[in-house]
Amino acid sequence: MDSLQAFAQSKLSGLETRSLRRTLKPTHRLDGLWVERGGRRLLSFSCNDYLNLSHHPPVKAAARAAVDLYGVGAGASRLVTGDHPLLSELEARLARLKGTEAACVFGSGYLANTGVIPAFAGPGDLILVDELAHACIWAGAQLSGAEITTFPHNDVAALRALLETRRGGFRHALVATDGVFSMDGDLAPLDRLSAVCWEHDAWLLSDDAHGIGVLGGGRGSAHLFPDARIPLQMGTLSKALGGYGGYLCGSRAVIDLLKTRARTVIYATGLPPASAAAAIAALDVIESDPALTAAPLEKARMFTRAARLPEATSPIVPVIIGEAAAALDAAAKLEAEGFLAVAIRPPTVPAGTARLRLAFTAAHPETEILRLAELVRGLIGAPQAAA
Ligand SMILES: *Cc1c(COP(=O)(O)O)cnc(C)c1O
């Protein structure tokens, strides 16, 4: 065996013995709620399709029409010939929803963070990241070449102390956090973070992948904090909007700089027309149906009340199990009952906090939510401490 094969094999067996090896499982998502996996039909609590828009007929129709009109691909990066007309329409819609001057669309949320952060921070700058922030924030920070420091989760006092002691040694400072934390479902205190950032001339980036479409009347988590001033509002089109793509909303100058300097804009092909059209159609739904946008959180709260867990603050509810093997076991028990609740293990979450991460959508039936709550109470025994 050559050294490459030996390396891959030994890595795999190391992961296997720690219950950390992951494998793909082909999944047919039937309708934005039910999935077919391994020959079985399961009710999914593991999709981020909070508004079930991935299968919404007008959204699908918009994607099909865009294929007919513009083809399946953008053909090139946006700065060459890939800037098809749907992209500027989508950007105007995103800016309007978020109340910013402008927006820049990226190929995905991951590409947004890995493009945005290095465009605004580099060597000589300081980036402060919430310890539970999403992996692509870390990736962007690392690519930037700036000095990176973490602050304890949602700890505004600790962030202030760090800025007081360290800010002076750097040219610029950028603070990055999830607006809704992807594996815990809790919210960042964006009003207080924003106040500390303004005190210390630090630029706040909030990643609202799990807030757009489902919080603040569909406008996202920042809308829950009217006093927060967030100059870099990032998010994705791949969760509540049901499709694919990412964005940054901000001032005109910020967006113009991204369009000429962000490497994931310059060196990556533009978002396909169908994805842009689907996102526009999804925004039509979000802007016209406030009851729909409120439903995922209501469903999550119905669950947390019935399961006697701390009240949900977003459609994401973590059920902390502990060890990876135990989390896999819990997921298997729920699957035997017809529920898909995928176990989330390190390194996605800290060691010892493997969990079932439940995501509630507008269309989850009440009877099934209550049945799941009953099963989860059996799995975890006593009520959990606040997450
Ligand atoms: C999913 C997610 C992303 C990545 O978005 P994609 O569009 O899937 O690439 C970024 N940030 C957070 C917090 C996420 O949950």
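Structure above, values below:
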{"read-out": "Of Lys239/Lys299; Lys25/Lys98; Lys25/Lys333; Lys25/Lys259; Lys25/Lys299, those spanning more than 25 Å from alpha-carbon to alpha-carbon", "value": "Lys25/Lys98; Lys25/Lys259; Lys25/Lys299"}
{"read-out": "Sulfur and carbon atoms: percent of accessible area, region 299-345 [1.4 Å]", "value": "52"}
{"read-out": "Accessible area per residue in Å² at 1.4 Å probe, computed on the chain", "value": "43"}
{"read-out": "Placed amide H near Arg219: partners under 5 Å, 5+ positions off or other chain", "value": "Gly213"}
{"read-out": "Backbone HN-Hα couplings from phi across region 325-340 [Karplus 6.51/-1.76/1.60, Hz, Gly and Pro as x]", "value": "5, 5, 5, 4, 5, 5, 4, 5, 5, 5, 5, 4, 8, x, 10, 9"}
{"read-out": "Carbon plus sulfur fraction of accessible area for region 57-288, probe 1.4 Å, in percent", "value": "55"}
{"read-out": "Extreme residue, positive dipole direction of the chain, given options Leu51, Leu190, Leu215 (C-beta unit charges)", "value": "Leu51"}
{"read-out": "Percentage relative contact order, region 57-288, counting C-alpha pairs under 8 Å, at least six apart", "value": "31"}
{"read-out": "Dipole axis of the chain (+1 Lys, Arg; -1 Asp, Glu on Cβ), positive-most option in Ala327, Ala281, Thr260", "value": "Ala327"}
{"read-out": "Amide H within-cut-off set for Leu174, under 5 Å, with H built and near neighbours excluded", "value": "Leu126, Ile127, Leu128, Trp203"}
{"read-out": "Rel. contact order, % - alpha carbon contacts under 8 angstrom, at least six apart, the chain", "value": "22"}
{"read-out": "Fluctuation leader among Gly322, Gly109, Gly235 - the chain, Gaussian network, Cα springs under 10 angstrom", "value": "Gly322"}
{"read-out": "Global geometry of the chain, whether rounded, prolate or oblate, following the gyration tensor of its Cα atoms and the 1.5 cut on a/c", "value": "rounded"}
{"read-out": "Region 11-20 - phi-based ³J(HN,Hα) in whole Hz, Karplus 6.51/-1.76/1.60, Gly and Pro as x", "value": "4, 4, 6, x, 5, 4, 5, 9, 6, 10"}
{"read-out": "Contour excess over end-to-end distance, with Cα ends at Thr27 and Asp155 and 0.36 nm allotted per residue", "value": "42.2 nm"}
{"read-out": "Dipole of the chain, positive direction: furthest Cα of Gly246, Ala291, Ala343, with charges on the beta-carbon", "value": "Ala343"}
{"read-out": "Net charge of Cβ neighbours under 12 Å - reference Val116; Lys, Arg +1; Asp, Glu -1", "value": "+2"}
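The values are calculated or read from the model by the stated rules, or taken from the named source; none is laboratory data. Keep in mind that this is a model prediction, so the values were computed, not measured. Glycine also receives a Cβ, built like all others from the backbone with ideal geometry; neighbour counts cover every protein chain displayed. Accessible surface areas use protein heavy atoms only, side chains included; no ligands, DNA or RNA. Shrake-Rupley method; radii C 1.70, N 1.55, O 1.52, S 1.80 Å.
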